[in-house]
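Asker: Got a structure for you, written out below as structure tokens; questions coming shortly.
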Amino acid sequence: GRLVIATHNPGKLAEMRELLAPHGVEVVSAGELDLAEPEETGDNFRANAAIKAIAAAKATGLPAFADDSGLVVDALDGAPGIYSARWAGEGKDFMAAMTRIERLLQERGATAPDRRKAHFVSALCVAWPDDHLEQVEARVDGTLVWPPRGTAGFGYDPAFLPDGYTRTFGEMTSIEKHGLPPLGLGLSHRARAFVKLAEICLEPR
Ligand code: ITT
């Protein structure tokens, strides 16, 4: 069947398409359907993912797949968290958002690597037109680097060094960021959440 990917973020859309590719579902994006973006009024990732998926399922009559995600910085009491997109402003200036994080870390004297810990969270939701919902969440832990490195990926990728790796997400191909074979899909928050979701509902009902 067909599945709507309820995101207006091109970087995220590309990753969600790649993650879905082996599953043989026909996907159409919220952008292609010109769907309105619902207001993200939730106070956590899971709630905002559900808001986006439910709105797209209602608007299209198709099952809808949404991701709500963000960067959580320990030394900043979890900021930017669910506000990760909003910190980049209207102009989607993620270099400015990364600079703001770095300035705040410096102000707090959080310069040693163990004070620069952060994690990405991805909450995925599939909503069906009959109101059925499936929800999962996953994270990847790492350290923030300064200056940012690499031009791949999107958002905060160039500033994020996943634990156990020497290259930032901004220096990885999307395949590496998902997690390389033979283990596959073992690295990024989004790929890890996707594995959980696929275990629950490999094929839309
Ligand atoms: P949609 O709501 O339309 O999906 P959005 O960009 O507004 O797009 P979110 O509200 O979930 O999505 O915001 C998540 C932000 O967190 C996103 O804009 C990125 O800046 C950041 N982010 C999430 N996952 C990321 C990743 O894999 N790499 C880098 N940054 C990421």
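Asker: Hey, among the residues in the stretch 1-38 that are touching a residue at least 12 places away in the same chain (Cβ under 8 Å) and of a type in the set (D, E), which one's farthest from the ligand (Cβ to nearest atom)?
Answerer: Ranking the candidates gives E26 first.
Asker: For the structure I just gave you, tell me whether A75 is more than 13 Å from the ligand (Cβ to nearest atom), surrounded by 15 or more Cβ atoms within 10 Å (Cβ to Cβ) and closer than 21 Å to D157 by Cα. Working first, answer last.
Answerer: Numbers: more than 13 Å from the ligand (Cβ to nearest atom): yes; surrounded by 15 or more Cβ atoms within 10 Å (Cβ to Cβ): yes; closer than 21 Å to D157 by Cα: yes.
So A75 passes the test.
Asker: Another one. Look at the stretch 14-40 and say how many of its residues are closer than 13 Å to A64 by Cβ, under 17 Å from the mean Cα position of the chain (by Cα) and not in a loop (DSSP other than H, G, I, E, B).
Answerer: 3
Asker: Looking only at the stretch 69-92, which residues are on the phi < 0 side of the Ramachandran plot and part of a loop (DSSP other than H, G, I, E, B)?
Answerer: A79, S84, A85, E90, G91
Each row is one residue, and each column tells you yes or no for (1) more than 14 Å from the ligand (Cβ to nearest atom); (2) in contact with a Cys (Cβ under 6 Å, 6 or more places away or on another chain); (3) small (G, A, S).
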| position | (1), (2), (3) |
| --- | --- |
| V145 | no, no, no |
| I175 | no, no, no |
| L185 | no, no, no |
| A191 | no, no, yes |
| L197 | yes, no, no |
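Asker: Among the residues of the stretch 83-103, which ones are among the hydrophobic types (A, V, I, L, M, F, W, C) and surrounded by fewer than 16 Cβ atoms within 10 Å (Cβ to Cβ)?
Answerer: The answer is M95, A96.
Asker: Do we have any residue at all in the stretch 53-68 that's surrounded by fewer than 13 Cβ atoms within 10 Å (Cβ to Cβ), out of contact with any helix residue (DSSP H, G or I) (no Cβ under 6 Å at 6 or more places or on another chain), outside any helix (DSSP H, G or I) and at pLDDT 95 or above?
Answerer: So far as the stretch 53-68 goes, yes, one or more of its residues are surrounded by fewer than 13 Cβ atoms within 10 Å (Cβ to Cβ), out of contact with any helix residue (DSSP H, G or I) (no Cβ under 6 Å at 6 or more places or on another chain), outside any helix (DSSP H, G or I) and at pLDDT 95 or above.
Asker: Could you tell me whether A97 is within 9 Å of the ligand (Cβ to nearest atom) and either in a loop (DSSP other than H, G, I, E, B) or in contact (Cβ under 8 Å) with a residue 40 or more places away in the chain (or both)?
Answerer: Against the criterion (within 9 Å of the ligand (Cβ to nearest atom) and either in a loop (DSSP other than H, G, I, E, B) or in contact (Cβ under 8 Å) with a residue 40 or more places away in the chain (or both)), A97 qualifies.
Asker: Tell me the residue from K92, K52 that is more than 22 Å from A138 (Cα to Cα) and among the basic types (K, R), please. Working first, answer last.
Answerer: Details: K52 fails: more than 22 Å from A138 (Cα to Cα).
Exactly one of K92, K52 is more than 22 Å from A138 (Cα to Cα) and among the basic types (K, R), namely K92.
Asker: Restricting attention to strands (runs of 3 or more DSSP E) lying wholly within the stretch 116-205, give those where 3 or more residues are β-branched (V, I, T) and surrounded by 15 or more Cβ atoms within 10 Å (Cβ to Cβ).
Answerer: Correct list: 133-144.
Asker: So, one more: If you go through the stretch 131-162 one residue at a time, how many are in contact with a Leu (Cβ under 9 Å, 6 or more places away or on another chain) and closer than 22 Å to R46 by Cβ?
Answerer: Within the stretch 131-162, the subset in contact with a Leu (Cβ under 9 Å, 6 or more places away or on another chain) is 134-138, 140, 142-146, 149, 155-156, 159-162.
Checking which are closer than 22 Å to R46 by Cβ leaves us with 134-138, 140, 142, 155-156, 160.
The number of residues fulfilling the criteria is 10.
The values are calculated or read from the model by the stated rules, or taken from the named source; none is laboratory data. Given the structure is predicted, the values throughout are model-derived calculations rather than measurements. A quick note on method: Cβ atoms are made from the backbone with ideal geometry, for glycine too, and the neighbour counts reach across all protein chains shown.
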